1. Filter the stretch 200-225 down to residues that are of a type in the set (S, T, N, Q) and open to solvent by 20 Å² or more (accessible area, probe 1.4 Å) and give me whichever is modelled with the lowest pLDDT.
2. So, L168, is that one farther than 25 Å from C265 by Cα and surrounded by 17 or more Cβ atoms within 10 Å (Cβ to Cβ) or not?
3. Report the residue count in the stretch 226-243 for those that are in contact (Cβ under 8 Å) with a residue 24 or more places away in the chain and either open to solvent by 50 Å² or more (accessible area, probe 1.4 Å) or β-branched (V, I, T) (or both).
4. Among the residues in the stretch 267-278, are any open to solvent by less than 50 Å² (accessible area, probe 1.4 Å) and assigned to a loop (DSSP other than H, G, I, E, B)?
5. Quick check on V196: is it open to solvent by less than 30 Å² (accessible area, probe 1.4 Å), without any contact (Cβ under 8 Å) to a residue 40 or more places away in the chain and either part of a loop (DSSP other than H, G, I, E, B) or within 16 Å of E135 (Cβ to Cβ) (or both)?
6. Among the residues of the stretch 369-404, which ones are over 13 Å from F346 (Cβ atoms), buried (at least 19 other Cβ atoms within 10 Å of the Cβ) and modelled with pLDDT under 85?
7. In the stretch 101-124, what residues are modelled with pLDDT under 85 and either aromatic (F, W, Y) or under 24 Å from the mean Cα position of the chain (by Cα) (or both)?
Amino acid sequence: MTKKKTKSSGLYKCKECCKDFQTDLALFQHLTSRSMRCGNSACFYCDYDESVPGDLSDHIKTRHSVFECAFCSKKFFLRTHFEGHMKREEGIVNSWRDDPLPGMDDTESFSELIERLNPDAVVYEECHRIKEKLEWFMHHNTSYKKCHITMAGSIAKQTQSRKADVDLILFLHEYKTMTTFIESKEAIIERIKRHVENWDMNWAHGLRFQKSTPNSIQFELSVSGTSMDVDLLPAMQLLRRNSSSERDALYTNMKSMSAKERKHCVPCLSELQVEFVQNVPNTLKDVIRIIKYWIKIVRKDESCTTVRCYFCELVVIDYWVKNDSPDDHEIDIDDYVKQVLYRLCFCQSLRIIWPDTYNFLKYRSEEAEPIVLDPANPFVNVAPNMKDALRVSQCAIKLFERYGTVKPKHLSSRQLAYRNQAYICPTVPLQRPAAVAIDMRDSYSYDVSTGTEVMSSVNAQMHSSNPSSKKPAKSLYVWRCKLLLGLLLGFLLVLGVILWSVRS
């Protein structure tokens, strides 16, 4: 992992002149501006291509309004406008109080949570014993003499929680082409399945077959008493020297494959994934464990089936890289957890690529967010779909919303006269405006050269003078109703006391 912070390039690229832009808004303005436009205006989400800028704008508005506000359900087709709306209108700011995450005790700190999540040393030892025994068994009791087994998943990356599955990759060296391996894969899994069902692994305790898939076989076993769930995936050795030229040649070859064939290459690149995550500082791995702990709760409560733990690992590492990759002792766990959760408030617009690893534009075309590319495989987007990304965003926003983190706003004289507490008191919940129709015109312009937002004077006045004149009248009406109700109850109480005294 390099510590040198490089400027990202190629985030958004014009298909006509191949010029790079740092934001989708800058590219959109480049495409729609008559003075800057080169050739035809091409949509950067799909293959739509029209020469009239207005048609392009209408096309993107109707086909690619992918970002939805978790508060007011307002939709946007540009990531820049969406994040600007969330920060400016909804008051989502980077603020936090010392309250626990869901599932934590009231007095439990992040450090104590890490101790609770960290597995025992026995788990590591057991996993390595299982790997060594299985490899020995494959060499001596099966026809696959030329093979080796490597550990993958969170255990190999050292980011696992107390209970984790053992992901093992069985590399078979006898297959020379991917075509022959794919044709033999079903027979390989079936043969290993028979060995498990017949209890041929007499060194294993509690051996029990669970299920098999087109790509793996899953079973439960233990070597020295600790029961572990094992997921064994046959694979073909595609990278032998793991050099940059060898990886580029492999990615170029994968580009010519079909999507179905490329799926068989995913386990073959597991060693690159492990190396990428394993080399980060240990303190950052503790941050990853906390974020994965939270995301598992969200995934269970919200049924977010497309949210993967690997996605969480990459979001944390990307934040670390963008902050100059500090050393182990320089990482504040509490601050990193809060900063990453804040980024997940904008989960729908995440755009994480790895320009130091490969140029993803060589292997794939532009696509709508969210996009979190696998640093080991440019063809795999590990980000959740837009529906699940919205749910993750809503859950992250709730963490900040419950602390009343309202962004200060410029108040008009009329607002100051009524002292609208929703804007000036930091302890009240965030205000949720009513749902509105899709509005593609944002309240600020964008300086393409500097990449900064520029508020127009008219729009700034509109945003600063938007009082709700009905709120004071409504509050006065409610206060009068409460007063009359209190007087009525007092009268009935006095009348009851008089009647009781007369009867007695």
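The values are calculated or read from the model by the stated rules, or taken from the named source; none is laboratory data. Predicted model, so just to flag it, every value in this text is computed and none were measured. Neighbour counts are summed over all protein chains in view; Cβ atoms, including those assigned to glycine, are modelled from backbone coordinates with ideal geometry. Surface accessibility is based on the protein's heavy atoms, side chains included, excluding ligands, DNA and RNA. Shrake-Rupley method; radii C 1.70, N 1.55, O 1.52, S 1.80 Å.
1. Per the stated criteria, the residue is S224.
2. no
3. The qualifying residues number 3.
4. Taking every residue of the stretch 267-278 in turn, none turns out to be open to solvent by less than 50 Å² (accessible area, probe 1.4 Å) and assigned to a loop (DSSP other than H, G, I, E, B).
5. Criteria met by V196.
6. L399, E401
7. Matches in the stretch 101-124: L101, P102, G103, M104, S109, F110, S111, N118, Y124.
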